[in-house]
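Colleague: Encoded as structure tokens, here's the structure I'll be asking about.
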């Protein structure tokens, strides 16, 4: 995995409980805005419904009669009241239902995720947590702990199995999200101020990104 750097590990009481090694090739990349932008655009394009639709002249119900004679009326020639020149007429080259999804190479997706992780560490906004577990599912006591840690906007990433009490307690706190490691993505990492990784999540990320 290459060289590694040391990082402090905290608990939910904001106490230092040890340290962990972070591999340079995942957490010490130089972020490139173009790579991160490609990844975010790729993610958001996949989410688009693409259900926007307009009607062409053949899809509009109405008379097929020619509105008036071709010549002699002094008006412009017209062949249909369903033409785009008329109210409730057709739309020319309007949007149709389609998928906005496009490909992004797997190597670029991996690189972008490493750069997103690295950017949080370089900004001093990466927190390593020993575990994201809570003894109860009440929101208020957890909100107090997160406030003491200075987390007003944060993404928590845990291992594959998120603690149900922690997930329930945090879901009503504004601007705080929780994802399993396999759901880690560039967009959600960048949209929150802080990134909080558990030791379990780091182990699984290393395995996934090696």
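Every number here is computed from the coordinates shown, using simple stated rules; none is lab data. Worth saying up front: this structure is predicted, and the values here are computed from it rather than measured. With ideal geometry, Cβ positions are generated from the backbone for all residues, glycine too; neighbour counts draw on all protein chains shown.
Colleague: What FRET efficiency comes out for the pair residue 43/residue 19, r = Cβ-Cβ distance, R0 = 25 Å, nearest 0.05?
Modeller: Working: r = 33 Å, r/R0 = 1.30.
For residue 43 and residue 19, the calculated efficiency is 0.15.
Colleague: If you take the C-alpha gyration tensor of the chain, multiply each eigenvalue by 5 and take the square root, what semi-axes do you get, largest first, in whole Å? Write out the running numbers ahead of the final one.
Modeller: Working: eigenvalues 604, 89, 34 Å².
Largest first, the chain gives 55, 21, 13 Å.
Colleague: For region 156-210 and region 62-118, what is the separation of their Cα centres, given in Å?
Modeller: Here the answer is 40 Å between Cα centres.
Colleague: Taking only C-alpha pairs under 8 Å that are 6+ residues apart, what is the relative contact order of region 54-94 in percent?
Modeller: Details: 50 pairs, mean separation 18.7, N = 41.
Relative contact order here is 46 percent.
Colleague: Okay, moving on. So for each of 84-91, 196-203, 171-178 I average, over its residues, the number of other beta carbons within 10 Å; can you give me the resulting order with the highest mean first?
Modeller: On the way: 84-91: 12.5, 196-203: 22.2, 171-178: 15.2.
Ranked by mean Cβ neighbours within 10 Å, highest first: 196-203, 171-178, 84-91.
Colleague: Which FRET efficiency value, to the nearest 0.05, do you get for residue 210 and residue 130 by plugging their Cβ-Cβ distance into 1/(1 + (r/R0)^6) with R0 = 22 Å?
Modeller: 0.45
Colleague: What's the ranking of 124-130, 54-60, 148-154, 112-118 by average number of surrounding C-beta atoms within 10 Å, highest first?
Modeller: Packing order, densest peptide first, comes out as 112-118, 124-130, 148-154, 54-60.
Colleague: Roughly how many nanometres apart are two label points built 7 Å out from the Cα toward the Cβ at residue 6 and residue 83?
Modeller: Taking the two extended label points, one gets 8.1 nm.
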